[in-house]
Amino acid sequence: MKLKATILGATAALAAAAGMGVPAQADTTFLVHIFAPPQYPNNSHGWVFLKENVERETNGRVKFEFTNGKVGPPPRNWNLVTQGVVDAAYLHTGFERKRLWLPEVSRLTGHTPSATAQSVASWRTYKKFFEQADEFKGAKLASLYSFSGENVWTIDKPVQKFEDLKGMKLRTGAGLSANILAAFDVAPVPSTAAQIFPMVSKGVVDGMTGPAALVTVLKVDQFIKHGLIYPGAFFTLAWTPILNLDKWNSVSADDQAIMEKYMGEAMARSVAGEWDRRNAAARKKMAEAGVVIRKADAAFVAAVEAKTAQFTDQWLDRAKQRGVDGPAALAFYRQQLKDFK
């Protein structure tokens, strides 16, 4: 709490980047843990989106301030928020897989035709099927969103057929992403985004998974020569921005209603839309720089589907354990992706 008192008084880099000063006083102030760069869409189009709209509509009764960098390791964000060290942060489900299982439906292979479609489908499926399971007990879930789906980017060796993946060493995210790659006979190297540049630049890995936008924002596109795009992506991350429950409960019902208007699907569309815009630009930039970008053919897709069916079965089993109609939720989620506009 002493740490919180110290950082609460600091002017955040993110607020400065957004052109907003730190206010003198507010009825309720949420301190948000900013551990990624301010321009990262989860920040610039997530927390700043919420800050601008909520502060305006509440006439400053609810405000947001941002930490000046990392307060603790991102994998501990659940504890940092629920224990009141900070009032808000985002984390992905790979950090809390035992607790947050249901949102991982969005991480299954082929479920991310775009970040926006995936994020909207995730939120709607959560509200219809998952909320009742109370996986976020002890916190207030603000939204669900993702970046554009993860594909394979390699330094030297091209991936043209499924067998080319065997034995490769690829940087990826924690949890389901690593498990899926292992099923492909790939050696997964889970890491945070901050560890990607040294891994790729020094040739510690043969390549990485991620959206094109992540490759360029981390400036590792200079080392990448090949890309393979899978329809709907190999997998993605499911990000869960959360608020401290006591702080949320301290907000008046009227101001909670204003906040809800900009959380949920609205926040998801804001973050994911920016990731999609950046992803399209990144793919264009890499192609123009000579990166050979291929699309997985039918044989490749068939091989992947055979290897990844087990993960859908695992998700359905866990959904049943949580008292959720897994087949109905999965069908609803996939229909939302088809119907997305």
Per-residue ³J(HN,Hα) for region 142-153, Karplus 6.51 cos²θ - 1.76 cosθ + 1.60, θ = phi - 60°, Hz, x for Gly and Pro: 8, 5, 9, 7, 8, 8, 4, x, 8, 10, 9, 10
DSSP H segments from the chain that extend 30 Å or more along their own axis, Cα-based, with Kyte-Doolittle mean of -0.5 or above: 298-321
Estimated [θ] at 222 nm from DSSP helical runs (n ≥ 4, -39500 (n - 2.57)) normalised by residues in the chain, nearest 500: -12000 deg cm²/dmol
Among 268, 250, 229 - extreme Cα towards positive end, dipole of region 227-283, charges at beta-carbon: 229
Length-normalised contact order for region 139-208 - Cα pairs under 8 Å, 6+ apart - percent: 35 percent
For the chain, share of DSSP beta bridges that run antiparallel, in % to the nearest 5: 50 percent
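All of the numbers you see were taken from the coordinates with simple rules; none came from a lab. Fair warning: this is a prediction, and the values are worked out from it, not measured in the lab. When we count neighbours, we look across all protein chains shown, and the Cβ atoms used for this are built from the backbone with ideal geometry, even at glycine.
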